[in-house]
């Protein structure tokens, strides 16, 4: 009997103020796969996980909003020699991520993702200065 795919999804801790747009992160370390395994074609792709949160503030009776996206993919797509790439994107500025982290370890990716969610973004309601934010977390550049 085949196990449903969702039983192999990686459990994640995600705060209530985030919306999950896509979750296909499987509970498997890439180092445990043979380079000829078919899982490379379906599990280690560019579109693995995407979550978003809307930030807003009110100034002078005007509401300003921002969209924060955390995206996870495998690059190059389906290549056993690739890496996970985790990025935080503000207002669809994909060319200049707020944060980025690369690793071949799913465990490190999950730990980093959960740290970003709870240790960095949990108390942030608006990002005033992107460059200052990047400098504060330059180890994630």
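Read the figures in this text as sums done on the coordinates, not as results from a lab. Keep in mind that this is a model prediction, so the values were computed, not measured. Positions of Cβ are backbone-derived with ideal geometry, glycine not excepted, and every protein chain shown enters the neighbour counts.
Tilt of helix 106-115 relative to the longest C-alpha principal axis of the chain, in degrees (0 to 90, nearest 10)?
20
Remind me, relative contact order of the stretch 18-99 in percent, using alpha carbon pairs under 8 angstrom and six or more residues apart? Don't skip to the end; give the middle numbers.
Values: 148 pairs, mean separation 20.9, N = 82.
Reported relative contact order: 26 percent.
Take the Cβ-Cβ distance between residue 16 and residue 66 as r, set R0 to 22 Å, and report the resulting FRET efficiency rounded to the nearest 0.05.
Working: r = 18 Å, r/R0 = 0.84.
My answer for the efficiency is 0.75.
Please express the Cα-Cα pair-distance distribution P(r) of the stretch 15-140 as a list of whole percents, one per 5 Å bin, running from 0 to the bin with the greatest distance.
Calculated over all Cα pairs of the stretch 15-140, the distribution is 2, 10, 20, 23, 17, 12, 8, 5, 2, 1, 0, 0 percent.
Could you work out how much longer the chain between residue 120 and residue 102 gets when fully extended? Use 0.36 nm per residue separation minus the Cα distance between them, nm to one decimal.
Values: separation 18, 0.36 × 18 = 6.48 nm, distance 1.76 nm.
Full extension of this stretch gives 4.7 nm more.
For the pair residue 54/residue 42, report the inter-label distance in nm, with labels modelled 7 Å from Cα in the Cβ direction.
Distance between the two pseudo-spin positions: 3.5 nm.
Any idea how far the Cα center of the stretch 19-53 sits from the one of the stretch 86-141, in Å?
Taking the Cα centre of the stretch 86-141 as reference, the centre of the stretch 19-53 is 19 Å away.
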